[in-house]
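Taken together, the values in this text are just the output of simple stated rules run on the coordinates, not laboratory data. Fair warning: this is a prediction, and the values are worked out from it, not measured in the lab. When we count neighbours, we look across all protein chains shown, and the Cβ atoms used for this are built from the backbone with ideal geometry, even at glycine.
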Amino acid sequence: MDTDTAQGPELVLQGKFADAPTQAACSQDSPPADDEGIVRIPLSMVEQIRRACDAAEAAGTQL
């Protein structure tokens, strides 16, 4: 789903929270900020996310 916020348009994703080993591995590369979390997005959602990003790009929205 895309939404508009005070900071501008954004893409909102829903997924399952990652397990502790995944969170630790991800945090090594890019530690999440205090207001961020690490979630798993199922592969079945890739096409829908791609379409949402393409639509946003076509509309001139920068994600």
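Quick notes on this structure:
- Extension gain, residue 34-residue 11: 0.36 nm per intervening residue step, less the Cα-Cα distance, totals 6.4 nm.
- Annotation note: GluC sites (Glu not before Pro) in the range 8-47 located in DSSP loop regions with a Cβ neighbour count of at most 15 within 10 Å are 36.
- Neighbourhood net charge (13 Å Cβ-Cβ; Lys/Arg +1, Asp/Glu -1) for residue 45: +3
- Where labels lie 7 Å past Cα in the beta-carbon direction, separation of residue 41 and residue 58 in nm: 1.8 nm
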